[in-house]
1. Can you name the residue in region 138-180 that is of a type in the set (Asp, Glu) and in contact with a Pro (Cβ under 8 Å, 6 or more places away or on another chain) and is also surrounded by the most Cβ atoms within 10 Å (Cβ to Cβ) among such residues?
2. With under 29 Å from Ala243 (Cα atoms), out of contact with any strand residue (DSSP E or B) (no Cβ under 6 Å at 6 or more places or on another chain) and small (Gly, Ala, Ser) as the only criterion, which of Ala95, Ala112, Ala15, Ala66 stands out?
3. Enumerate the helices (runs of 4 or more DSSP H) found wholly within region 36-116, keeping only those where 1 or more residues are touching a residue at least 40 places away in the same chain (Cβ under 8 Å) and buried (at least 17 other Cβ atoms within 10 Å of the Cβ).
4. Mind listing just one residue for me: the one in region 117-127 that is among the polar types (S, T, N, Q) and not in a helix (DSSP H, G or I) and, of those, modelled with the highest pLDDT?
5. Can you tell me which residues in region 223-248 are of a type outside the set (A, V, I, L, M, F, W, C) and modelled with pLDDT under 90?
6. Cβ contacts < 6 Å: first residue touching a residue at least 12 places away in the same chain (Cβ under 8 Å), restricted to region 6-19; second residue acidic (Asp, Glu) and crowded, with 23+ Cβ neighbours inside 10 Å, any location; separation 6+ or different chain. Result?
7. Counting only residues that are part of a loop (DSSP other than H, G, I, E, B) and out of contact with any helix residue (DSSP H, G or I) (no Cβ under 7 Å at 6 or more places or on another chain), which one in region 128-172 is nearest to Phe234 (Cα to Cα)?
Amino acid sequence: MKVAVLGAAGGIGQALALLLKTQLPSGSELSLYDIAPVTPGVAVDLSHIPTDVKIKGFSGEDATPALEGADVVLISAGVARKPGMDRSDLFNVNAGIVKNLVQQIAKTCPQACIGIITNPVNTTVAIAAEVLKKAGVYDKNKLFGVTTLDIIRSNTFVAELKGKSATEVEVPVIGGHSGVTILPLLSQIPGVSFSDQEIADLTKRIQNAGTEVVEAKAGGGSATLSMGQAAARFGLSLVSRHAGGKRRGGVRLRGRRRPLCAFLLPAAAAGEKRRGRATVYRQTQHL
């Protein structure tokens, strides 16, 4: 199993690489790529951690050497948010970065599963899909927008409010990965109830959690460590699925009825078909 991280020298990429180096199955390969010349050094640094995961770093304009033979590719490359910016402000720069990298993936490892972390995820996934279609290698079952961060934030905030262990809480989150498109289904948490005010406050905090981090860092960065953990959780689930297990974690997928309609399957296994109805708080229905 080979996993490639594109954008590995950044804050998210380094955190993600560290977690993958320590948690990937024994015998796996981890390939790090970034345009920054420091990237091979990041790989050397991580190689000193005693695990049975082989690691190598690549830098420069060409990501091909890092992508050869990759089964899973996670893209975190791009500029980060700064105070006063929202995810849509990143589009002009990050759209081009994602397009270029996905073009190289299409040529080098077209069968790989691709996880897009780079914001704005709501649109970078759409760009990646169009690039893959143009190359004739698009597979709707292998392209994902990683929105797991919204789930782990929801789990944490609910656990704090209700005095529970965060490991015991799993909040389904549907929608997209930007502001009001993030919809936590608080009604779907077994054994937990909320007042109307709690629902409103929790939903707002979850939707604005990224801004909370950007402002707290006072211009020094965005959510890199928590995003690294969320991306690792999702990446490891893809690896597990590739090996025959089940995938868990938030994703943005292609809808059947409307092209690139956003929805999440936080607890569904890849390839499974599930149908049913869920009760949703009326406050969420109005969002």
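The values are calculated or read from the model by the stated rules, or taken from the named source; none is laboratory data. The structure presented is a predicted model; accordingly, all values stated were derived computationally and were not measured. Here the Cβ positions follow ideal geometry from the backbone for every residue, glycine too, while neighbour counts run over all protein chains shown.
1. Keep residues of region 138-180 that are of a type in the set (Asp, Glu), which gives 139, 150, 160, 168, 170.
Checking which are in contact with a Pro (Cβ under 8 Å, 6 or more places away or on another chain) leaves us with 150, 170.
On the way: Asp150: 27, Glu170: 17.
Once the filter is applied, the top-ranked residue is Asp150.
2. Working: Ala95 fails: under 29 Å from Ala243 (Cα atoms); Ala112 fails: out of contact with any strand residue (DSSP E or B) (no Cβ under 6 Å at 6 or more places or on another chain); Ala66 fails: out of contact with any strand residue (DSSP E or B) (no Cβ under 6 Å at 6 or more places or on another chain).
It is Ala15.
3. Working: elements: 39-47, 64-67, 91-108.
Those helices (runs of 4 or more DSSP H) span 64-67, 91-108.
4. Of all residues in region 117-127, those among the polar types (S, T, N, Q) come to 118-119, 122-124.
Applying the additional criterion that residues be not in a helix (DSSP H, G or I) yields 118-119.
Values: Thr118: 95, Asn119: 92.
That would be Thr118.
5. Here is the first cut: in region 223-248, the ones of a type outside the set (A, V, I, L, M, F, W, C) are 224, 226, 228-229, 233, 235, 237, 240-242, 244-248.
Residues satisfying the conditions are Arg241, His242, Gly244, Gly245, Lys246, Arg247, Arg248.
6. Hits for this filter: Gly7/Asp34; Ala8/Asp34; Ala9/Asp34.
7. In the first step, residues of region 128-172 are kept if they are part of a loop (DSSP other than H, G, I, E, B); the result is 136-142, 147, 163-165, 169-172.
Of the ones still in play, those that are also out of contact with any helix residue (DSSP H, G or I) (no Cβ under 7 Å at 6 or more places or on another chain) are 136, 139-142, 163-164.
Numbers: Gly136: 26, Asp139: 18, Lys140: 17, Asn141: 15, Lys142: 13, Gly163: 26, Lys164: 23 Å.
Only one residue tops the list, namely Lys142.
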